[in-house]
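**Q** One structure is given below, represented as structure tokens, and several questions about it will come after.
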Amino acid sequence: MIKQKKEFTWEEIEAYAFGELQLLPRDFFDMSPRHFSLMLRGYNEKKVDNYKQTRLLMFTMVRLMGDPKTAPKTPEALWELPGDEVHKPSDEEYREVFNRLTKWQKTSEH
């Protein structure tokens, strides 16, 4: 099954940058598209790693305390995470998003 790419609005990008990433507006607007995309990638990888660590702890507890016949054999069998198959956008996808950003900035300046 092919995943559909979600189109993000400029408002959603700003909300994520200011809320989730806790960037100040001036820092966000001073960033290059490449640096912003690398920041997003790093943030998302860290988030997935935190989930994986939690899953591993849960798996260990289930294996220690549960019935060996019914306990999951792997952490992934216990808890499937959205980040198990992380889609890393291509350079072309990054360029497309930031071309839209540039167009929006030019239209909002006038």
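The values are calculated or read from the model by the stated rules, or taken from the named source; none is laboratory data. It should be emphasised that the depicted structure is a prediction, and the values quoted were computed from it without experimental measurement. Here the Cβ positions follow ideal geometry from the backbone for every residue, glycine too, while neighbour counts run over all protein chains shown.
**Q** Enumerate the pairs (first residue in region 10-36 and of a type in the set (A, V, I, L, M, F, W, C); second residue anywhere and assigned to a helix (DSSP H, G or I) and exposed (fewer than 11 other Cβ atoms within 10 Å of the Cβ)) with beta-carbon separation below 8 Å, excluding pairs fewer than 6 apart on the same chain, so at least 6 apart or on different chains.
**A** Matching pairs, first to second residue: F18/P25.
**Q** Is there a residue being of a type outside the set (S, T, N, Q) and in contact (Cβ under 8 Å) with a residue 60 or more places away in the chain anywhere in region 70-93?
**A** We begin by selecting, within region 70-93, every residue of a type outside the set (S, T, N, Q); these are 71-73, 75-89, 91-93.
Checking the rest, the ones that are also in contact (Cβ under 8 Å) with a residue 60 or more places away in the chain come to 87, 93.
Checking region 70-93: at least one residue is of a type outside the set (S, T, N, Q) and in contact (Cβ under 8 Å) with a residue 60 or more places away in the chain.
**Q** Only one of these conditions is not met by I2: (1) exposed (fewer than 13 other Cβ atoms within 10 Å of the Cβ); (2) modelled with pLDDT of 90 or more. Which number is it?
**A** (2)
**Q** Which of the residues spanning region 24-52 are hydrophobic (A, V, I, L, M, F, W, C) and within 16 Å of the chain's Cα centre (by Cα)? Please lay out each step first, then the result.
**A** Looking only at region 24-52, we keep the residues that are hydrophobic (A, V, I, L, M, F, W, C), and these are 24, 28-29, 31, 36, 38-40, 48.
Correct list: F36, L38, M39, L40, V48.
**Q** Please list, ordered by residue number, the helices (runs of 4 or more DSSP H) wholly in region 21-110 having 1 or more residues that are hydroxyl-bearing (S, T, Y) and surrounded by fewer than 14 Cβ atoms within 10 Å (Cβ to Cβ). Steps first, answer last, please.
**A** Values: elements: 25-30, 33-65, 75-78, 91-109.
It comes to 33-65, 91-109.
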